[in-house]
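Working notes for the structure below.
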Amino acid sequence: MGVGLIKLGVNIDHAATIRQARFTPYPDMVRIVSEAEAGGADGITLHLREDRRHIQDDDVFTLRTKIKSKMNLEMAATDEMVEIACKVKPEDCCLVPEKREELTTEGGLDVLGQQARLTDVCHRLKEAGIEVSIFIEPDLEHITAVAEIAAPVIELHTGTYANTKGEERDQELHRLITAAEYAHNLGLIVNAGHGLDYENIGPILLLPHLNELNIGHSIIARALFVGIRQAVAEMKVCLS
Ligand code: PXP
């Protein structure tokens, strides 16, 4: 897929973080979604965490009927979450690792350590008509393992790229490019995300076969100044 066709999934978790900081009814997540879509979001991503620190169960069920683009539900590969996903039936589910004490998703899912369990989870989600993606480090062994468990999509973790500078960042970019090419050759759809912002996004567009980027924190932060519609529109310009 060429540059200009990369889809933008807008992660709205941190709009919910503001609401949960005071347990207020605002900001209205339905309005957040409609504004993000008006700005050009190709999909809405939300992460229902085990500790419910931002997105709540009600958000997932309510937004299912309000999202006009597509819903990407991020979740841990637990029975509780699989049950919820099978009820909600989002278009996409992204399986991520989860630790209670982490500030945000740290590292990709350890596919090698739990191939049998993930095969079962993918099967159950697929039966519900959901396209499953797996959030992984740009590591060839993990990519091979995803292909083996027959998940159709990977999301490459761009956190290390985002958190480094200079030569280290260049090396990580190279790792991401190699991983994207390798995954594509195995027939996988390639998404990416985490830690991306208006400044560091440029080189990420060099990733071959990139289908979709999922971006949240930087867009919600920018929205404080320009509103969410404009913040999303500006990120769309960066992607094109
Ligand atoms: N993709 C995945 C799998 C994530 O877990 C997150 C964070 O929830 C994102 C993308 C978005 O990351 P950020 O908020 O840093 O843009």
### Message
Testing I189 on (1) within 14 Å of the ligand (Cβ to nearest atom); (2) in contact with a Ser or Thr (Cβ under 9 Å, 6 or more places away or on another chain), one condition comes back false. Which one is that?
### Response
(1)
### Message
So A150 passes all but one of these: (1) assigned to a loop (DSSP other than H, G, I, E, B); (2) small (G, A, S); (3) modelled with pLDDT of 95 or more. Which condition number does it fail?
### Response
(3)
### Query
Which pairs do you get when a residue that is without any contact (Cβ under 8 Å) to a residue 60 or more places away in the chain, found in segment 3-25, comes within reach of a residue that is part of a helix (DSSP H, G or I) and of a type in the set (K, R), reach meaning Cβ atoms under 8 angstrom, with the pair 6+ apart or on two chains?
P25/R19
### Message
What's the number of the only condition in (1) within 16 Å of the ligand (Cβ to nearest atom); (2) buried (at least 19 other Cβ atoms within 10 Å of the Cβ) that I149 fails to meet?
### Response
(1)
### Message
Suppose we filter segment 103-138 for residues that are over 19 Å from N214 (Cα atoms), assigned to a loop (DSSP other than H, G, I, E, B) and not aliphatic (A, V, I, L, M); how many remain?
### Response
2
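This table checks each residue for (1) over 24 Å from V10 (Cβ atoms); (2) within 16 Å of the ligand (Cβ to nearest atom); (3) hydroxyl-bearing (S, T, Y).
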residue: H142; (1), (2), (3): yes, yes, no
residue: E155; (1), (2), (3): no, yes, no
residue: D170; (1), (2), (3): yes, no, no
residue: A183; (1), (2), (3): no, yes, no
### Task
Assess whether I143 counts as being out of contact with any helix residue (DSSP H, G or I) (no Cβ under 9 Å at 6 or more places or on another chain) and closer than 24 Å to L112 by Cα.
no
### Query
Out of (1) free of Cβ contacts under 8 Å to residues at least 40 places away in the same chain; (2) within 16 Å of the ligand (Cβ to nearest atom); (3) buried (at least 19 other Cβ atoms within 10 Å of the Cβ), what's the single condition that is false for Y161?
(1)
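The values are calculated or read from the model by the stated rules, or taken from the named source; none is laboratory data. Computed from a predicted model, the values in this text were never measured in an experiment. In this analysis, Cβ positions are derived from the backbone assuming ideal geometry, glycine residues included, and neighbour counts consider all displayed protein chains.
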